[in-house]
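Heads up: the structure comes next, in structure tokens.
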Amino acid sequence: MKLPKNKHMRRILAAQLPADFADWLDYVAIISLFTYAWQVDPVYFAWFIVALTLPYVFIGPFSGALVDRLDIRMVMVLSNLGRAMTTFALAFAGQPEIMLALVAVRGVVDSFFSPAKQVAIQALSEREELMSTNGFSHIINQMSKVAGPAVGGALLLIISPQMVFVVNGAISLCALLILVTLPSNIREVKKLEDGEAKKSMFSEAAEGFKVVLAKPALWVTIGLGAMGFFAIFLHDTLIGPMTRELGFGENILGLSVAAVGAGGVAGALAIGSIKKQIHPYLIIGPSMMIVSLFTAGLGLIAINGWAIPSYAFVGAFFTVGVIGAGTFVPLRTVLQLETPPDKMGRVTAVNETASIVAMLGAPFIGATLASIFELGVPFIAGGILAFVIGAIALILIKFVKFTDPQTADDSADLPNAEESV
């Protein structure tokens, strides 16, 4: 598994290090505040996910359309500046409702960064190295899961969660300093024809949906990903309460999140090192099915009141991270292979919108199941659903075809794609 040839792509991955680390440090601080300091009701965890993701539904399609027109460096720089400012603002949130409002504002800003990063990966990476580039991106994200909770846990021992946000805002600015060194022509800004100039933003946003619906490889993959997120978020927001239910403290909560990250690094290394071109669903399907067994198993442990050692609990999360990489890395690679370069921002926004719409109700359903029955029930329900989705992915192997990066038409590549040191 080799780093991307393009020096600017490597710089973007370097900027992702502090950016993703800041996201996970925030996540741990907010969950700790909700779980241990404010001891909020389970429904607040559901509202946290809504605040985190709902902006992508309303803003995402339009931000994706703008990303396809604007200079990518400018978008990434300004969005990281906005992320830093909203992170600083979190330090002054004295109650859950204010915290949720600020998280939503940051989601609006972040809805521009994600499509811009995907455009940059598609533009600057060779087609045959897309899987490894996405693997490195996933590794960075998962490493942040390790370092973020670890550093966050250590900081929470000596400073308040509010001060953690101040530290985190400074870290976010580091990503901005790296991104300002990028050239302004990462990708040719789209030059509009006379007819195109008259299109409204609604029409531009709709283009992403048209591209997705025209290709089974796109809409089927996006649909599977959306269903997978629904299954995950039936229980994901209840990890904090589950940790407490099993008798573990904040340190084990942080270690569990870190273990998922460490496992994700190992899994992404393995996926990114695959040289042979295989059907993406041959990776996605089994990954979802295996992860589902661990999820349902955790639910059964909670329902039956079985005692488990902390190392087994953390080890299970590590395994989930390893296997879970088999879902996220191939999905992003499919989107980049199958999407026309001038539509990448909009298709990325469609993918995020579909996933968020599918999972918006999941935290509330999970919280309701936990309130009516037991805390372990959402975990069992999510595990069963994930197993079914994985089985469907395996069945669809015979019906959904994908572009082979080795034989793809190089004429679709963008001017900067082959720049290297």
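Annotations for the structure displayed:
- Overall size of region 1-88 from C-alpha positions, given as principal axis extents largest first: 47, 31, 27 Å.
- Cα long-axis angle, helix 250-272 against the chain (0 to 90 degrees, to the nearest 10): 30 degrees
- Rounded Å value of the spacing that divides the Cα centres of region 342-363 and region 59-124: 15 Å
- The angle between the Cα long axis of helix 130-158 and the longest principal axis of the Cα atoms of the chain comes to about 40 degrees, rounded to the nearest 10.
- In this label model, Ser371 and Ser310 are separated by 3.2 nm, measuring between points 7 Å along each Cα→Cβ vector.
- Summary value for the chain: 30 percent relative contact order, contacts being C-alpha pairs under 8 angstrom separated by 6+ residues.
- By a 1.4 Å probe calculation restricted to protein chains, Thr353 has an accessible surface near 10 Å², given to the nearest 10.
- Cross-link check: pairs Lys7/Lys276; Lys5/Lys343; Lys117/Lys343; Lys7/Lys343; Lys276/Lys343 evaluated at a Cα-Cα cut-off of 18 Å; pairs beyond the cut-off: Lys7/Lys276; Lys5/Lys343; Lys7/Lys343; Lys276/Lys343.
- Using heavy atoms of the protein chains and a probe of 1.4 Å, the accessible area assigned to Thr237 is about 10 Å².
- When you restrict to C-alpha pairs under 8 Å that are six or more residues apart and normalise by the size of region 71-118, the relative contact order lands at 56 percent.
- Value in Å of the Kirkwood radius, where region 94-171 supplies the Cα pairs that are averaged: 15.2 Å
- The chymotrypsin sites (Phe, Trp or Tyr not before Pro) of region 369-403 meeting both criteria, a DSSP state outside H, G, I, E and B (loop) and at most 13 other C-beta atoms within 10 angstrom of the site's C-beta, are Phe373, Phe399.
- When the surface is traced with a 1.4 Å probe over the full set of protein chains, Val322 keeps roughly 50 Å² accessible.
- Check: the chain dipole with +1 on Lys, Arg Cβ and -1 on Asp, Glu Cβ, in debye: 420 debye
- Only alpha carbons enter this Debye calculation for the chain, each as an equal point scatterer, and the log10 of I(q)/I(0) it gives at q = 0.12, 0.13, 0.15 Å⁻¹ is -0.98, -1.16, -1.58.
- Accessible surface, the chain, averaged per residue in Å² (probe 1.4 Å): 41 Å²
- Cβ-Cβ distance of Trp38 and Leu300, R₀ of 41 Å, FRET efficiency by 1/(1 + (r/R0)^6): the value works out to about 0.85.
- Against the main long axis of the alpha-carbon atoms of the chain, helix 310-338 sits at an angle near 20°.
- If you sort Lys117, Lys398 by accessible surface, 1.4 Å probe, largest first, the order is Lys398, Lys117.
- Contact order normalised by residue count of region 244-341, Cα under 8 Å, 6+ apart, percent: 53 percent
- Stretch gain in nm, segment Ala391-Phe92, where the contour uses 0.36 nm per residue and the Cα spacing is subtracted: 103.0 nm
- Ordered from largest to smallest accessible area (heavy atoms of protein chains, 1.4 Å probe), the residues Lys2, Lys7 come out as Lys2, Lys7.
- Mean residue ellipticity (222 nm) of the chain, computed from DSSP H runs ≥ 4 via -39,500 (n - 2.57), nearest 500: -25000 deg cm²/dmol
- Here the chain exposes an accessible surface that is 69 percent carbon and sulfur, computed with a 1.4 Å probe and the other protein chains kept in place.
- Sequence of Trp47, Trp24 from largest to smallest accessible area, 1.4 Å probe: Trp47, Trp24
The values are calculated or read from the model by the stated rules, or taken from the named source; none is laboratory data. Just so it is clear, the model here is predicted, and its values are computed rather than measured. Note: ideal-geometry Cβ built from the backbone for every residue, glycine included; neighbour counts use all protein chains shown. Note: accessible area is taken over every heavy atom of the protein model, side chains too, but ligands, DNA and RNA are not part of it. Shrake-Rupley method; radii C 1.70, N 1.55, O 1.52, S 1.80 Å.
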